[in-house]
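The values are calculated or read from the model by the stated rules, or taken from the named source; none is laboratory data. Please read all numbers here as calculations on a predicted model, not as lab measurements. Backbone-built Cβ (ideal geometry, glycine too); neighbour counts: all protein chains shown.
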Amino acid sequence: MIRSLKEEIYKFIHQKNSLYGLVALVLLMIYSALTSKTNADSLISVFGAIEWIPIILIAIGSAFFAMEYSNNTILLLLYKNSERSKIYIAKFLTILLYGIVLATTSIITALLLSIVLKSRQYNLFTVIAGKTILIQLGLNILGMIIYSLFAVAMSFMLIMLIRVNAVVICIGLAWGFFGTSLSTALMKTLPTISNILKWNPLNMVFISQQLSKPHYYRVSQLSNLQLIMGTLFYSLLFAILGYLLFRRRRV
């Protein structure tokens, strides 16, 4: 397993996609900083990174798996390692580690942007809504990491199911930008079964912000603990479905 993970990490860091993802994240954060008012909320939301990182992971993750089939390297991979579970887990962990790299990069970039833009009316220990900015930032990062696990699992499942990377990316974009709106509209349309509908996977997108902003509970209708448990459940479900599809896929 360790050997497979090392091989996947080596392949990944030597692909341009990993660099493109980092550059895209930084540029998007700079754009957000320059086109919106820089304040405590900007830093807490990591200048939009909490929304962009899962989308980047979906794009990069699906491409990382798809290239094995497009380049026919999956044959060599299966020849060297007949256990598909090890291949799948190694690729999954590689993209998840990349998500942690993206999260770390976003924090550093956000702090640098707050300094460069000279927004000094607050500091990390300023209390807003009963919590310091540092705690709220940490909660957002935690939510982003949990949501990243969800995003990676979903991207692997979708690329095995749909097999077209461009379509997976489009679904990822739609999920990230319209998921909460669609979920809210669905619960309002069918209020009698909202207690069931609130557990739909689209509603899990709220985890990227609700941990630091409890008032989102009124919209998601899930407590922070319920949201965490729901996101982890769907992450596991999508990961298992993705593996089953991968195991059955012909090469």
* May I ask you to verify whether V168 is assigned to a loop (DSSP other than H, G, I, E, B) and either at pLDDT 85 or above or surrounded by fewer than 17 Cβ atoms within 10 Å (Cβ to Cβ) (or both)? => no
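Residue-wise test of (1) of a type in the set (A, V, I, L, M, F, W, C); (2) surrounded by 15 or more Cβ atoms within 10 Å (Cβ to Cβ); (3) touching an Asp or Glu at 6+ places or on another chain (Cβ under 8 Å).
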| position | (1), (2), (3) |
| --- | --- |
| G138 | no, yes, no |
| V152 | yes, yes, no |
| A174 | yes, no, no |
| G179 | no, yes, no |
| T192 | no, no, no |
| I196 | yes, no, no |
| V205 | yes, yes, no |
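Could you pull out every one of the helices (runs of 4 or more DSSP H) wholly within region 1-96 that has 2 or more residues that are over 19 Å from the mean Cα position of the chain (by Cα) and either within 30 Å of S114 (Cα to Cα) or of a type in the set (D, E) (or both)?
Once the helices (runs of 4 or more DSSP H) in region 1-96 are filtered for at least 2 residues that are over 19 Å from the mean Cα position of the chain (by Cα) and either within 30 Å of S114 (Cα to Cα) or of a type in the set (D, E) (or both), what remains is 2-13, 16-35, 40-44.
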* To do: Considering only region 1-52, state which residues are closer than 30 Å to L78 by Cβ, among the β-branched types (V, I, T) and either in contact with an Asp or Glu (Cβ under 7 Å, 6 or more places away or on another chain) or touching a residue at least 40 places away in the same chain (Cβ under 8 Å) (or both).
  => I9
* Could you identify the single residue in M160, M204 that is in contact with a helix residue (DSSP H, G or I) (Cβ under 7 Å, 6 or more places away or on another chain), under 30 Å from I128 (Cα atoms) and assigned to a helix (DSSP H, G or I)? => M204
